[in-house]
Structure formats: structure tokens, C-alpha cells
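Below: one structure, written as C-alpha cells.
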Amino acid sequence: MFGYRVPAPDEAMLISGGRRGLGGAPFRVVTGHGKFVLPVFRKVRFLTLSMCESEVTETCVTRQGIALHVRAVIAFKVGNDHESIINAGQRFLSDQDQMSVLTGRIFAGHLRAIIGSMTVEEIVTERQKLAAEVLDTSKTEMAKIGLTVDSLQIQSIDDGDTGYIDAMSAPHKAAIQRQAQIAQAQATQASVEAEQAAARNQAEYARQTAIVRAEYSAEVDRAQAKAAQAGPLAQADAQQEVLAAQTELALRQAKLRQQQLVAEIVKPAEAEAERIRILAAADAQRMKIQAEAAASYDRVALDRMLIDQLPQIVKEAAGGLAGANVNVLNGADGLGEIAAGLVSQGLTILDSVRQNLGGQDSDGRRPDGRPGASEDSSLLQLPSGEEQKPKNGRVDVD
């Protein structure tokens, strides 16, 4: 629109003519927005608000009298407030490049004054302190001309040919060199150890690789040998199976032959032996029965003979009393007792003979070897003159 002006974001628009600005300023300040300006009656100028830079290179003398060449860089700009813009506009609006020149001169003077109150050691070791003091001393003066300092950096400090800074840094250089040598030695040692460890690892890897290769080779050789032996081994296994089958067949045939021999020879022989044993046992039993029958028959015949001879025995025993002087007591009872005693003696003799016959062997002899009844017939003789004692009487024989 005709007559409407807008400043850039890093600019301040100064409008002169007409009413004065705030606080009696010769112009009005507009920032951040546009303004309708009457042509011919108003005049518009623009003041930069962007960052500016000024470099200072100055030779300063320290408190010790040693000259130092100091190089510093100052970053500054016009303040954002209306007062700073008015102050800077009144001083630098027609020639804004003069801001850098004037700022450099201001800081050079303050830098010489502050360095003159410090030693070389303080300047070298406390650069930040130097910069802070320069900023503090120049802040008020910079504010008067509408400028603000953002930063001050000491770029370099050089003593020229005096060698003071080098001499001051010699012990530190020696210590640093010593530390550097130690660090280098440690690094070299670490490098050597690393190389040795790498060599050992490579040797170990080579050894393991060789072992694995040897194992693989041995395994391949075993597999090849096993494959080469597979045919003969299979043939030998087949032959062994055939031999085992033949052996089994021979064992079965031998077992069958053994069973046949047992059935054909052993069993008939055992049957024959059993038959002979049974026949022998039967024959022995028969002979025993015959012997027992014969012995029984002999006893029956002997008993019959004894019974037949019993009257004769009693007669002979009574004949022994024929010429004897006998006194008979109790009359007829006494005679009866005498007769009964004679018969009792005959029966006793008969029992004794039977017992003797029962204890004889099959050959007719007694167990003690004495002759039996058939061999000694004198047992049947009743001795004469033997005293007879009846049970219920008394006989006296002279």
C-alpha cells in the first residue's frame, strides 16, 4: 500500500518528522510491525539490529613489564529496547560500520588497562577471568552508545621473542613430554602385548585348525578303510552266519541221533535190565517163599513127629521111675500130680525144640552154629535120674 512501511525482523524503522518520539527523541522507533508513513511529510531510515563482530589486536604490557600481543574478538549488537535503539541511531545511523571500529577501540583500551594489572601467569592461565573483567568494565560505556556485548573471546596471547611463556611452560612441557613418553611406552608395550596376544591367538587358531584338520583326515581315512573293508566284512559275516547255521544243524542232527540211540539202545537195555531185575526179584521172592514154606513144612513135620513121640517120651520118663523108691503124699492126688509133671516136662521139651528150629538158618543150623533138631536127636532123650518136682506134690527118688 502506498505510504505503508514495514521493517525487517532484524531492523528498527526510524521515522522522523511530525511528532517527536517517546521521551523527547527526534524520531519514532517502530520494530516488529508496519506503520503508515505520509510521504514528503515523514522520512524513514532503518537501523540494523543484527549481530556485529569486531576484532582487537593489541600489544599490552603486564604488571611484570613483559609485552604481550593479545588478539580478541568481540560479538555485539544494538540493544532491543527503544533507548538503546535511539542512542545507537543518533550515533551510527548515517555510518553504521563505525560501530565495529568504535567497539574495537573501546575494548582495546580496557584490555590494555586490565592486562597491565595482571601477571603473565594469570593472563595465560585465567583467560576467562580476563575476558569477564573486560566485559564488566566496558558494559557501562557500551550501554551509553546503545550497544550490548554478547561475548568476548581471547584468541591468542604471544610474548614475541622474549620466550617468557615458553620458559614458564618448560616444566609443564617436560612433565607433559615425560607423560607423553610414558604414555607412548605404555602404548608401545600395550601394542607389543596386543601383537603377542594376537600372535598367540593366531598360533592357537593354527594349532586348533591343524588338529581339526587331522581329526577330519583321520575320520575320512577311517571311513574309507571301513568302506574298503565293508565288502570282505559282509562276506565274512555271511560265511559266519552259514557256519553258524551249519553248526546249529549239526547240533540238531547230533541231538536227534542221540535221541535215536537212546530210543534204540539205551531204552531197550534199561527195559531189559529192569525186566531182569524184576525177574531176579521175583525169583528171590519165590525162593524166599519156598524156603519159608519148606521151613514151615519142616516145623509141622517136626511137631507131628514130636507129638507122635510124646507118649514115648512120657513113657521113658515114667520108666525112669520104675525102680525108684517113691513116697507118694496125698494119695491119688499126689499120683495125679506126678503124671501131670511128666506131661508138662514133655511139653516144655517140645517148645524148646520148636524154638531151636525157629532160630535155625536155611541150612538147618542155629544162629550160634550149634546143630539143629534134625542133627541132634539126643534132645529128644529124657535123662534118667533127673529130679522131678511136680507143681502140687512132692516126689522123693532114691
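Brief remarks on what is shown
- Qualifying position, being open to solvent by 60 Å² or more (accessible area, probe 1.4 Å) and among the small types (Gly, Ala, Ser), among Ala194, Ala225, Ala263, Ala199: Ala263
- Residue match in region 168-178 (condition: without any contact (Cβ under 8 Å) to a residue 40 or more places away in the chain, open to solvent by 60 Å² or more (accessible area, probe 1.4 Å) and over 30 Å from Gln128 (Cβ atoms)): no
- Given (1) open to solvent by less than 70 Å² (accessible area, probe 1.4 Å); (2) modelled with pLDDT under 90; (3) of a type in the set (S, T, N, Q), number of the condition Thr209 does not satisfy: (2)
- Those residues of region 57-101 which are farther than 25 Å from Ala132 by Cα, open to solvent by less than 40 Å² (accessible area, probe 1.4 Å) and not in a helix (DSSP H, G or I), in sequence order: Leu93
The values are calculated or read from the model by the stated rules, or taken from the named source; none is laboratory data. None of the values given here were measured: they were computed from a predicted structure. Neighbour counts are summed over all protein chains in view; Cβ atoms, including those assigned to glycine, are modelled from backbone coordinates with ideal geometry. Protein only, heavy atoms only, side chains kept; ligands, DNA and RNA dropped before computing areas. Shrake-Rupley method; radii C 1.70, N 1.55, O 1.52, S 1.80 Å.
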